[in-house]
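Chemist: Dropping a structure here in structure tokens format, bear with me for questions.
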Amino acid sequence: MPYRHDLAGTRYVFPDLKTLLARATPFRSGDALAGVAAASASERVAAQMALADLPLQTLLEEVVIPYEDDDVTRLILDRHDIAAFAPIAHLTVGGFRDFLLAEATPEILTALRLGLTPEMVVAVSKIMRLQDLIAVAAKCRVTTAFRNTIGLPGRLSVRLQPNHPVDDPHGVAASTLDGLLLGAGDAVIGVNPATDSVAATTTLLHLLDAVRDRYAIPTQTCVLAHVTTTLRCMAAGAPVDLVFQSIGGSEAANRSFGITLSLLHEAHEAALALRRGTVGQNVMYFETGQGSALSAEAHHGVDQQTIEARAYAVARVFSPLLVNTVVGFIGPEYLYDGKQIIRAGMEDHFCGKLLGLPMGVDICYTNHAEADQDDMDTLLTLLGVAGVTYIIGVPGADDVMLSYQSTSFHDALFLRGMLGLRPAPEFEIWLERMGIAAGTAERIPAKLAPALVGLA
Amino acid sequence: MSVPVLWRDLRRFTPARVALGRVGNGLPTDAQLAFQAAHAAARDAVQAVLDIPALQADLRQVGLAASVVHSACPDRRTFLLRPDLGRRLRDTAGLPLAPGCLAILLCDGLSAAAVQRHAPPLLGHLAGRLERMGPIAIAVQGRVALGDEVGDAVGAEAILVLIGERPGLTAPDSLGAYLTWQPKRGCTDAERNCVSNIRPDGLPTAAAADKLLWLIMRMRALRLSGVGLKDEQPAISQAGLDQGRSIPAVGP
């Protein structure tokens, strides 16, 4: 069904919902690459005005990818909770924005979650400024647990990412110890393997589990291998806390990752069966990022932010411990510069939180993007105020395996310090017990002796 | 070696920026400026231009010849903003037919220096040990999937693309190697195997050649590449297959 809006004497027509959503999106290079971006600033605002007038109900009736063609669309509509949606069923997208800013409380937002679809949350985000995205996300409460509790108010967790160019166990252990000494690791100690093989993944799983065990750290570990690799590691008895997988917002995008929904279900069941969690059983870890569907030519003409939010509907089926958008990793053809990366990071965090996910952000950029440390500081600070669940920590912000810049352990300390945020409670107690809280000594505390984890 | 007792002792185990020290919650000045210098070098590497005559001369040194093809990108800015054009051949002129072979494409990708420095020695290690080694082409402003069109045009059973990876702060000249069975336009990244981080301080070219030969042997035996072809070779498995963050085409 076509949508139209008159603005300053010009009539703008949008042939269908996905076009309306795309034209209403703040500019980014990926939408231009896909040929779906607004042709002018005025067309963009006209689309935003038309979108604001759209009843939320319409977003349940018209889909961006046909139901019969796409299992993500089916998942979104089949699992939509009409009763949860009822309190806002009468609103337009614009009215929903006003409701979120003025009336919504943490309790209301929690009750609303399953009544919201990705299309509803992206639609409202497209007519929001950054401060709106911050104000509403900060009201969302999402708590998950495995060996510690993540997402409590006033807390900021950190994924310790001790990557090494060739998966050298000593190198991974050294970066892990560096991060622990700087208070990182409560979200997960998670390595991206340079080699996605059962053997290499198994070696890293045993290493991380040994570090966690020797220092008695109340946290979880993960090797971010492909889900098929992790399934084979679990079958062989390797110590798997969390199953990782990159996911996308269309069936075709997931196919490009080599996964299906049933494969994710299989992995979820296998990880639950291991019963390794002590304070909770959230066993999945997902990563997403705007642009991945387009890069796999699996976007169906839908704008990259909308496809991204649809990936969150996939994620929430599996009650993940952690989800993060790797916002600046994909490159300038999707998010060209710091401004676009910052906007996308704030959108993704908002959409994920509103849908009920434990949303972290890999605040990052690559060396072929027009971005630098100042842009990352801006996004870091905005996300801290918005209540981001966790961020990434790599030594000195430099990932020596994946060749990109993320946030550092220092960045996390900066954010915790400036905003008065604390680590996950179980982990905070551990930091104090190990004598790490000060974290400025040159000497490594005896309780964290490197020899305990094979560094000698 | 002695047991590490000081924080800075951790540095000997990893090239990562560990034990940087702290001023408040920030970085000490020397660490801060060292980071900025590395970023500047990486930014400059992205803009560097492949010296094709020099590359061809280096290949001749190891007894190999290479033709030159172009992607549909006229310049660097277009390359950065239009990956679709970086995956398309401008034309197939100069590509010989070589059915059933393993064709090889060298692409500047995001680091011309990587291909310039590491592709000739890597191919030197492969030459003579690789059965049915096909023609070699050099492409400028090219991405991994450009190999699909090249392989298809040549009639190859598989393509090996050697391409400059996205420059990192420690490695502005890291080479990636992508294997694709039955290359044709539309292959997804899940259908490829990758050996990454090929450089002297990462995966040296001799070890990378061993790894690739093993993968090529398995690929030919299974008649497939990608997630169905797991890297299960013993002993030398410590390096670079499939970067764990598997967002497609994030690399070059």
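The values are calculated or read from the model by the stated rules, or taken from the named source; none is laboratory data. Source: prediction; values computed, not measured. Cβ atoms come from the backbone with ideal geometry, glycine included; neighbour counts cover every protein chain shown. Accessible surface is based on the protein model in full, side chains and every heavy atom, while ligands, DNA and RNA are left aside. Shrake-Rupley method; radii C 1.70, N 1.55, O 1.52, S 1.80 Å.
Chemist: Please identify the pairs in which a residue from the stretch B:218-230 that is at the interface with chain A (Cβ under 9 Å from one of its Cβ atoms) and touching a residue at least 24 places away in the same chain (Cβ under 8 Å) has its Cβ atom under 7 Å from the Cβ atom of a residue that is open to solvent by less than 60 Å² (accessible area, probe 1.4 Å) and not basic (Lys, Arg), counting only partners at least 6 apart or on another chain.
Modeler: From residues that are at the interface with chain A (Cβ under 9 Å from one of its Cβ atoms) and touching a residue at least 24 places away in the same chain (Cβ under 8 Å), the pairs are B:GLY226/B:ALA190; B:GLY226/B:ASN193; B:VAL227/A:HIS226; B:VAL227/A:THR228; B:VAL227/A:GLY258; B:VAL227/B:ALA190.
Chemist: Moving to a separate point now. Could you list all residues from the stretch A:235-251 that are surrounded by fewer than 21 Cβ atoms within 10 Å (Cβ to Cβ) and under 30 Å from A:GLU432 (Cα atoms)?
Modeler: Within the stretch A:235-251, just A:PRO239 meets the criteria.
Chemist: OK, next. Among (1) of a type outside the set (Ser, Thr, Tyr); (2) under 16 Å from the mean Cα position of the chain (by Cα); (3) open to solvent by 10 Å² or more (accessible area, probe 1.4 Å); (4) modelled with pLDDT of 95 or more, which single condition is B:ALA72 missing?
Modeler: (2)
Chemist: Right, next: Does at least one position in the stretch A:234-244 carry a residue that is in contact with a strand residue (DSSP E or B) (Cβ under 6 Å, 6 or more places away or on another chain) and at pLDDT below 95?
Modeler: So far as the stretch A:234-244 goes, no, none of its residues is in contact with a strand residue (DSSP E or B) (Cβ under 6 Å, 6 or more places away or on another chain) and at pLDDT below 95.
Chemist: Let me ask another. Out of the residues in the stretch B:39-56 that are facing another protein chain (nearest Cβ under 8 Å) and at pLDDT below 95, state the one that is surrounded by the most Cβ atoms within 10 Å (Cβ to Cβ).
Modeler: Of everything passing the filter in the stretch B:39-56, B:ALA42 is surrounded by the most Cβ atoms within 10 Å (Cβ to Cβ).
Chemist: Please state which of the following conditions B:GLY202 fails to meet, knowing it meets all the rest: (1) in contact (Cβ under 8 Å) with a residue 40 or more places away in the chain; (2) open to solvent by less than 20 Å² (accessible area, probe 1.4 Å).
Modeler: Here B:GLY202 clears every test but (1).
Chemist: Take A:ARG214 and decide whether it is charged (D, E, K, R) and under 24 Å from the mean Cα position of the chain (by Cα).
Modeler: The answer is no for A:ARG214.
Chemist: Give me the residue from the stretch A:161-203 that is without any contact (Cβ under 8 Å) to a residue 24 or more places away in the chain and out of contact with any His (no Cβ under 9 Å at 6 or more places or on another chain) and, out of that set, farthest from the other protein chains (Cβ to nearest Cβ).
Modeler: In this case the residue turns out to be A:ASP168.
Chemist: Let me spell it out: the conditions are (1) buried (at least 19 other Cβ atoms within 10 Å of the Cβ); (2) on the phi < 0 side of the Ramachandran plot, and A:LEU274 meets all of them except one. Which number is the exception?
Modeler: (1)
Chemist: Exactly one of these conditions fails for A:TYR312: (1) open to solvent by less than 10 Å² (accessible area, probe 1.4 Å); (2) on the phi > 0 side of the Ramachandran plot; (3) more than 10 Å from chain B (Cβ to nearest Cβ). Give me its number.
Modeler: (2)
Chemist: Has the stretch B:77-84 got any residue that is in contact with a strand residue (DSSP E or B) (Cβ under 8 Å, 6 or more places away or on another chain), within 8 Å of chain A (Cβ to nearest Cβ) and open to solvent by 40 Å² or more (accessible area, probe 1.4 Å)?
Modeler: No; the residues of the stretch B:77-84 include none that is in contact with a strand residue (DSSP E or B) (Cβ under 8 Å, 6 or more places away or on another chain), within 8 Å of chain A (Cβ to nearest Cβ) and open to solvent by 40 Å² or more (accessible area, probe 1.4 Å).
Chemist: Something else: Go through (1) in contact with a strand residue (DSSP E or B) (Cβ under 7 Å, 6 or more places away or on another chain); (2) more than 14 Å from chain B (Cβ to nearest Cβ) one by one and return the number of the condition A:THR149 breaks.
Modeler: Every condition holds for A:THR149 apart from (1).
Chemist: Okay, next question. So A:ARG79 fits all but one of (1) farther than 25 Å from A:GLY345 by Cα; (2) open to solvent by less than 50 Å² (accessible area, probe 1.4 Å); what number is the exception?
Modeler: (2)
Chemist: So B:ASN25 fits all but one of (1) within 7 Å of chain A (Cβ to nearest Cβ); (2) open to solvent by less than 40 Å² (accessible area, probe 1.4 Å); what number is the exception?
Modeler: Tallying (1) within 7 Å of chain A (Cβ to nearest Cβ); (2) open to solvent by less than 40 Å² (accessible area, probe 1.4 Å), B:ASN25 fails exactly one: (2).
Chemist: What residue, among those in the stretch A:206-234 that are open to solvent by 10 Å² or more (accessible area, probe 1.4 Å) and aliphatic (A, V, I, L, M), is nearest to A:ASN163 (Cα to Cα)?
Modeler: Filtering first and then ranking leaves A:LEU207.
Chemist: Is it true that A:LEU109 is among the hydrophobic types (A, V, I, L, M, F, W, C) and touching a Cys at 6+ places or on another chain (Cβ under 9 Å)?
Modeler: Yes; evaluated as a whole, the condition is true for this residue.
Chemist: Can you name the residue in the stretch A:11-37 that is open to solvent by 10 Å² or more (accessible area, probe 1.4 Å) and among the β-branched types (Val, Ile, Thr) and, of all such residues, is nearest to the other protein chains (Cβ to nearest Cβ)?
Modeler: Looking at residues that are open to solvent by 10 Å² or more (accessible area, probe 1.4 Å) and among the β-branched types (Val, Ile, Thr), I get A:VAL36.
Chemist: Just checking, which of A:ALA104, A:ALA137 is touching a Phe, Trp or Tyr at 6+ places or on another chain (Cβ under 6 Å), touching a residue at least 24 places away in the same chain (Cβ under 8 Å) and among the hydrophobic types (A, V, I, L, M, F, W, C)?
Modeler: Among A:ALA104, A:ALA137, only A:ALA137 is touching a Phe, Trp or Tyr at 6+ places or on another chain (Cβ under 6 Å), touching a residue at least 24 places away in the same chain (Cβ under 8 Å) and among the hydrophobic types (A, V, I, L, M, F, W, C).
Chemist: All but one of (1) within 14 Å of chain B (Cβ to nearest Cβ); (2) open to solvent by 10 Å² or more (accessible area, probe 1.4 Å); (3) more than 18 Å from the chain's Cα centre (by Cα) hold for A:THR381, so report the exception by its number.
Modeler: Here A:THR381 clears every test but (3).
Chemist: Suppose we filter A:ASP132, A:ASP186 for residues that are assigned to a helix (DSSP H, G or I) and charged (D, E, K, R); which single one remains?
Modeler: Being assigned to a helix (DSSP H, G or I) and charged (D, E, K, R) holds for just one of A:ASP132, A:ASP186, which is A:ASP132.
Chemist: Quick one: how many residues across the stretch A:399-432 are more than 8 Å from chain B (Cβ to nearest Cβ), over 20 Å from the mean Cα position of the chain (by Cα), of a type in the set (A, V, I, L, M, F, W, C) and open to solvent by 30 Å² or more (accessible area, probe 1.4 Å)?
Modeler: Going through the stretch A:399-432 one residue at a time, the tally reaches 3.
Table: residues versus (1) more than 14 Å from every other protein chain (Cβ to nearest Cβ); (2) of a type in the set (Gly, Ala, Ser); (3) surrounded by fewer than 21 Cβ atoms within 10 Å (Cβ to Cβ); (4) free of Cβ contacts under 8 Å to residues at least 12 places away in the same chain.
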residue: B:GLN141; (1), (2), (3), (4): no, no, no, no
residue: B:GLY147; (1), (2), (3), (4): yes, yes, no, no
residue: B:ALA156; (1), (2), (3), (4): yes, yes, no, no
residue: B:ASP210; (1), (2), (3), (4): no, no, yes, no
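Chemist: Failed condition for B:GLY128, given (1) open to solvent by 10 Å² or more (accessible area, probe 1.4 Å); (2) out of contact with any helix residue (DSSP H, G or I) (no Cβ under 8 Å at 6 or more places or on another chain); (3) in contact (Cβ under 8 Å) with a residue 24 or more places away in the chain, with all others met?
Modeler: (3)
Chemist: While we're looking at this one, here's another question. Assuming A:LYS339 fulfils every condition listed in (1) more than 18 Å from the chain's Cα centre (by Cα); (2) more than 14 Å from chain B (Cβ to nearest Cβ); (3) charged (D, E, K, R); (4) over 18 Å from A:ILE127 (Cα atoms) apart from one, which condition is it?
Modeler: (4)
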